[in-house]
Amino acid sequence: MLYVGIDDTDSKLGMCTTYLAAVLAERLARFKLVGYPRLIRFNPNIKYKTRGNAGLALVLNAGPEAMDEVEQIMLAAVREQARMEDENTNPGVVLYHGEITQELKDYALRVVRDVVEISEAEALAEKYGMRVHKFKIGRGIIGALGAICLDLYDHTYELLAYRMPENYEKPRQLDRPSVYAMDAATYPDTWDNVDLHNKVIVFSPHTPDPVLYGIRGNSPEILSKAQRMLTTEPVERSQIFITNQGTDMHLLQAAQIADAKDDRSYILRGNVTQAPVTKEGGHVFFEIGDASGSLKCSAFEPTKNFRDIVRKLVPGDEVKVYGSVKDRTVNLEKLEVIALASLTRTVSPTCPQCSRHMESAGAGQGYRCRKCKTKAPSLITEEVKRDLEPGLYEVPPTARRHLAKQIIRITEPWCVMHPSR
């Protein structure tokens, strides 16, 4: 097999590396593509990312004799499509004919979960005799190599449809009823097309790039079926990708809270140590801790109704939090409520005869029922029924990160599941 990878050709000003991969899939078709192009999402916390931090790769059924021609086609496409005028666009191209070893797989998983430098990617590519091309500083070689080498032990598919070039600067035209009808007919085999609770279409971006929409699902067949149900503006081309989206592949299991580092994503277990507080802008913050230390957690305003679940937590609740750590704060993607703390309140005693609450009889004189004249010495403590069920909760589709696994994709549930839909 001949593996080719690209990354970092897009910009916040426009373009999308997935579009370049779709173009290359067409231009390299005579070399016989193996499977679907790979759309690999990496660590979502990297500060250099444009939007989704993705690298793309194609696998060709070709030997080393095809490498020169493939290389020329790839480099020409990058020069043609990449937004080189943006100082933050630093494309990288990698070509490799050889075995994907465990060392290469380990590197790729680190790009998904950790922070990797250009020098590490260069050294590994040189060790394996890969051809590497850097444009400008060439940061894209990190993701290009990662896209080639990642072991997709879990995967989903995405169908991306691209706009006609003459429509790039115009508002996207999607027939809203057809989108909702498609979603209703294909869910749960496709997901995150719409956010029903917040009445938002989420599978179509609002950024200045060629993507019209992206349908995510379990199989290429269901994606093609879903696309046929849509009424939209003309589509220039479509491409199905195999991807690590919706897999939670970015999450690390930390033994204790103190192990969590900024710019990584974790599953952390602890007890609520500070009750949730809603701050300016509608963001909700609370704190969890274990024997090693404590960490703030946040449900930001875009998580919408998910915040209502978070607000019901009280100190002592045992939880797992899923999300990315930045500035020693976990940006929540999911929340598992493991065990609820007992919550009590102090109330006046109830009259045993009429069941009414007694009133104070005066300072130091206990309580009495005005009607029945019964008495009680003091206030009583009663347990408050919690308006929260144990189980796993998730943010709504409108706030979902590419890599976050949807609860409906969890095939072996370990607790009660509370899908956002």
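The values are calculated or read from the model by the stated rules, or taken from the named source; none is laboratory data. This is a predicted model, so every value here is computed, not measured. No Cβ is skipped: glycine too gets one built from the backbone with ideal geometry, and neighbour counts run over all protein chains shown.
Quick look at the numbers
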| read-out | value |
| --- | --- |
| Residue within region 221-228 that is assigned to a strand (DSSP E or B) and either touching a residue at least 60 places away in the same chain (Cβ under 8 Å) or touching a Phe, Trp or Tyr at 6+ places or on another chain (Cβ under 6 Å) (or both) present | no |
| Given (1) assigned by TED's automatic domain parsing to the domain that holds residue 378; (2) under 30 Å from residue 109 (Cβ atoms), number of the condition residue 319 does not satisfy | (1) |
| Counted residues, region 48-84 - those being charged (D, E, K, R) and in contact (Cβ under 8 Å) with a residue 60 or more places away in the chain | 3 |
| Qualifying residue in region 84-95 (condition: surrounded by fewer than 22 Cβ atoms within 10 Å (Cβ to Cβ), out of contact with any strand residue (DSSP E or B) (no Cβ under 6 Å at 6 or more places or on another chain) and not in a loop (DSSP other than H, G, I, E, B)) | no |
| Enumerated strands (runs of 3 or more DSSP E) restricted to region 302-421, each holding at least 1 residues that are among the aromatic types (Phe, Trp, Tyr) | 318-326, 391-394 |
| Residue in region 374-389 that is in contact with a Leu (Cβ under 8 Å, 6 or more places away or on another chain) and under 30 Å from residue 52 (Cα atoms) present | no |
| Test: residue in region 341-358 that is within 19 Å of the chain's Cα centre (by Cα) and among the hydrophobic types (A, V, I, L, M, F, W, C) | no |
| Residues located in region 53-81, provided they are assigned to a loop (DSSP other than H, G, I, E, B) and either of a type in the set (Asp, Glu) or surrounded by 19 or more Cβ atoms within 10 Å (Cβ to Cβ) (or both) | 53, 62 |
| Tally, over region 377-421, of residues that are over 25 Å from residue 339 (Cα atoms), at pLDDT 90 or above and among the small types (Gly, Ala, Ser) | 1 |
| Of residues in region 181-201 being out of contact with any Phe, Trp or Tyr (no Cβ under 6 Å at 6 or more places or on another chain) and under 19 Å from residue 235 (Cβ atoms), the one surrounded by the fewest Cβ atoms within 10 Å (Cβ to Cβ) | 181 |
| Counted residues, region 286-314 - those being buried (at least 19 other Cβ atoms within 10 Å of the Cβ), within 18 Å of the chain's Cα centre (by Cα) and farther than 22 Å from residue 249 by Cβ | 4 |
| Answer residue from region 339-354, given it is aliphatic (A, V, I, L, M) and closer than 11 Å to residue 316 by Cβ and is surrounded by the fewest Cβ atoms within 10 Å (Cβ to Cβ) among those | 339 |
| Qualifying position, being of a type in the set (Ser, Thr, Tyr) and within 30 Å of residue 203 (Cα to Cα), among 329, 381 | 329 |
| Count - residues of region 246-283 that are free of Cβ contacts under 8 Å to residues at least 24 places away in the same chain and either hydroxyl-bearing (Ser, Thr, Tyr) or surrounded by fewer than 14 Cβ atoms within 10 Å (Cβ to Cβ) (or both) | 6 |
| Single unsatisfied condition, residue 128 versus (1) closer than 15 Å to residue 8 by Cα; (2) in contact with a Gly (Cβ under 7 Å, 6 or more places away or on another chain) | (1) |
| Within region 141-158, considering residues that are among the β-branched types (Val, Ile, Thr) and within 29 Å of residue 189 (Cβ to Cβ), the one surrounded by the most Cβ atoms within 10 Å (Cβ to Cβ) | 148 |
| Residue selected from region 362-421 under the condition of a type in the set (S, T, N, Q) and over 35 Å from the mean Cα position of the chain (by Cα), by the criterion nearest to residue 298 (Cα to Cα) | 381 |
| Tally, over region 157-183, of residues that are among the basic types (Lys, Arg), in contact with a Ser or Thr (Cβ under 8 Å, 6 or more places away or on another chain) and in a strand (DSSP E or B) | 0 |
| Count of region 260-279 residues which are closer than 28 Å to residue 48 by Cα, outside any strand (DSSP E or B) and of a type in the set (D, E, K, R) | 3 |
| Residues of region 286-301 that turn out to be without any contact (Cβ under 8 Å) to a residue 24 or more places away in the chain and either outside the structural domain of residue 395 (by TED's automatic domain parsing) or part of a strand (DSSP E or B) (or both), as a count | 1 |
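Matching residues to (1) loosely packed, with under 12 Cβ neighbours inside 10 Å; (2) out of contact with any helix residue (DSSP H, G or I) (no Cβ under 6 Å at 6 or more places or on another chain); (3) over 30 Å from residue 259 (Cα atoms):
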residue: 316; (1), (2), (3): no, yes, no
residue: 324; (1), (2), (3): no, yes, no
residue: 337; (1), (2), (3): no, yes, no
residue: 356; (1), (2), (3): no, yes, yes
residue: 373; (1), (2), (3): yes, yes, yes
